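Notes follow once the structure below has been shown.
No lab work stands behind these numbers, since they all come straight from the coordinates. Model, not experiment: these values are computed from the prediction. Note that we place each Cβ from the backbone using ideal geometry, even for glycine, and neighbour counts take in every protein chain shown.
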Amino acid sequence: MTHFTDRMTDKSVAVATVSAPPGTLRVTCSGPTIEFDTRVAFGKIGVSYRFDNGEVVPRFFDMLQDGRTLLFTNYLLTMTREISRAKRLRMTVFLPGQSAIFMDFDLTGAKDAIKALGCRG
């Protein structure tokens with residue numbers, strides 16, 4: 001668990017993180033994101049993911065203009081719930097004109113970490 005100061009509100013924001021280079025899964029009360037180590041792309045990005053031994057799910061998510069932040073657009077609550085229940089998240093991010101990026105996140109302890117965020121609602 002780490003904290004950062006939101007520059008818009010000057011409030012401290014709690015963040016639960018787990019790394020699987022080249023990305024870091026970050027969960028806040030606003031939902032999860034993937035932060036990449038370097039700029040990889042922007043716009044709609046094809047992603048396939050799988051929690052534990054569940055089905056592989058293909059989706060399109062938004063990469064912010066910074067080129068490093070992947071948003072789970074329209075699936076924030078679903079993804080947070082699944083992250084808190086699962087032990088493993090495997091994800092492939094398909095980048096235009098580049099090789100796909102594969103990440104394997106160990107979610108052991110995610111349920112407790114998300115609960116510790118103290119989110120309301």
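Projected label points at ARG88 and HIS3, each 7 Å from Cα along the beta carbon direction, are separated by 3.5 nanometres. Sequence-ordered 3J(HN,Hα) estimates for segment 27-35 from the Karplus curve with 6.51, -1.76 and 1.60 and θ = phi - 60° stand at 10, 10, 5, 7, x, x, 9, 10, 10 Hz, glycine and proline given as x. Taking the fewest neighbouring Cβ atoms within 10 Å as the starting point, the ordered list for THR17, THR5 is THR5, THR17. Fewest neighbouring Cβ atoms within 10 Å first, the residues ARG81, ARG88, ARG68, ARG7 line up as ARG7, ARG81, ARG88, ARG68.
In the set (1) 1.02; (2) 1.29; (3) 1.38, which value of Cα Rg over 2.2 N^0.38 Å was calculated from the structure you see? Comparing each candidate, only (1) matches the computed number. Scalar couplings 3J(HN,Hα) for segment 72-88, obtained by applying the Karplus form with A = 6.51, B = -1.76, C = 1.60 to θ = phi - 60°, are 8, 3, 6, 10, 4, 5, 4, 5, 4, 4, 5, 4, 6, 8, 8, 9, 8 Hz; x denotes Gly and Pro.
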